[in-house]
Amino acid sequence: MISFPSCKINLGLNVVGKRTDGFHNLETIFFPVPLQDALEIIPAPNRRFQFSSTGLDIPGEQENNLCIKAFNLLRADFKLPPVHMHLHKVIPVGSGLGGGSSDGAVTLKLLNELFSLALDAEKLKNYARLLGSDCAFFIDNIPVFGYERGDSFEPFSVDLAGLFIALVIPPIHVSTAEAYALVVPEIPQRSLKELVRLPVKEWKDCVVNDFEAPLTKKYPSIGMIGQKLYQAGALFASMSGSGSAVFGLFEEIPELRSLFPDSFVWTSQPL
């Protein structure tokens, strides 16, 4: 079985408080983006678990990959037989786009289907929450308002019809721990849900990602990307998640590769 884990952007991200469990409460709008990895899972022909990957390099120890963690999570409860997983990695790692989280969530969905586990969406989300805070979003993969650790959701409609999403990802890896160490939690004066209801061209300077200012201070090139996107005609530009990806929303498809020769650049079809 094969599926195509996609990524997400955050339309605003407010870190509103520190939790007693060491995590943070946040508020954000998750919006799915059709930049995709490819993941295939089949029963292992030699009865031995295998994981292989192609495409972009995946740093770190293989046993920490969320696809493998997702398999082990379900195997503990359902005694799954060995499988062969192959991941073709397209979504850059450590970019704030949730590519690894999406891979883990889609692994749960594929295993559920492959082995007829009969887990509904809510049960899959509960497993996904054990993998990471934003993994559960990718079970339904629709726009939502995320709160608490970013793993509780409310349905939320965002009208970006006809716009293009452009992603620019510089060769900077920002760890989640690094980003949270730089941010100071604060409750915003205006509700993010209220602000995102405004026309997109009015989002600049009011729809913010709380990680962007401190990370731009440490990595000035992240801030320069946003400035160049506005100069190229973006209605709105912002960093996604805990960085380093920056996205822009455009009314017409932009030509950006010459502006960012050293970065990963991707542009969607009109939404």
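The values are calculated or read from the model by the stated rules, or taken from the named source; none is laboratory data. Remember, it's a predicted structure, so these values are computed and weren't measured experimentally. Neighbour counts are summed over all protein chains in view; Cβ atoms, including those assigned to glycine, are modelled from backbone coordinates with ideal geometry. Note: accessible area is taken over every heavy atom of the protein model, side chains too, but ligands, DNA and RNA are not part of it. Shrake-Rupley method; radii C 1.70, N 1.55, O 1.52, S 1.80 Å.
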> Across region 232-262, which residue is nearest to THR176 (Cα to Cα) among those that are without any contact (Cβ under 8 Å) to a residue 40 or more places away in the chain and surrounded by 21 or more Cβ atoms within 10 Å (Cβ to Cβ)?
Replying inline: ALA237
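Take LYS217 and decide whether it is free of Cβ contacts under 8 Å to residues at least 40 places away in the same chain, over 20 Å from SER95 (Cβ atoms) and touching a helix residue (DSSP H, G or I) at 6+ places or on another chain (Cβ under 9 Å).
no
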>> When you check VAL106 against the structure, is it out of contact with any Ser or Thr (no Cβ under 8 Å at 6 or more places or on another chain), in contact (Cβ under 8 Å) with a residue 40 or more places away in the chain and not basic (Lys, Arg), yes or no?
In response: no
> Does region 154-165 hold any residues that are farther than 19 Å from SER242 by Cα and surrounded by 12 or more Cβ atoms within 10 Å (Cβ to Cβ), and which are they?
Replying inline: PHE156, VAL158, ASP159, LEU160, LEU163, PHE164
>> Just the residues that are of a type in the set (S, T, N, Q), open to solvent by 60 Å² or more (accessible area, probe 1.4 Å) and touching a residue at least 12 places away in the same chain (Cβ under 8 Å), please, taken from region 122-138.
In response: none
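Answer with yes or no whether GLY96 is surrounded by 23 or more Cβ atoms within 10 Å (Cβ to Cβ) and over 19 Å from PHE51 (Cα atoms).
So GLY96 fits the description; yes.
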>> Suppose we filter region 16-60 for residues that are open to solvent by 60 Å² or more (accessible area, probe 1.4 Å) and not in a strand (DSSP E or B); how many remain?
In response: 13
>> On the basis of being surrounded by 16 or more Cβ atoms within 10 Å (Cβ to Cβ), at pLDDT below 95 and in contact with a Lys or Arg (Cβ under 9 Å, 6 or more places away or on another chain), does HIS84 make the cut?
In response: no
> Looking at region 61-81, which of its residues are within 16 Å of ASN126 (Cβ to Cβ), more than 21 Å from the chain's Cα centre (by Cα) and open to solvent by 70 Å² or more (accessible area, probe 1.4 Å)?
Replying inline: ALA76, ASP77, PHE78
> Scanning for something touching a Pro at 6+ places or on another chain (Cβ under 6 Å) and under 22 Å from LEU74 (Cβ atoms), does region 160-173 turn up at least one residue?
Replying inline: no
>> I'm checking my understanding of the structure. Among residues of region 179-231 that are of a type in the set (S, T, N, Q) and more than 27 Å from PRO254 (Cα to Cα), which one is least open to solvent (accessible area, probe 1.4 Å)?
In response: SER191
> Which condition breaks for VAL168 when tested against (1) in contact (Cβ under 8 Å) with a residue 12 or more places away in the chain; (2) open to solvent by 50 Å² or more (accessible area, probe 1.4 Å)?
Replying inline: (2)
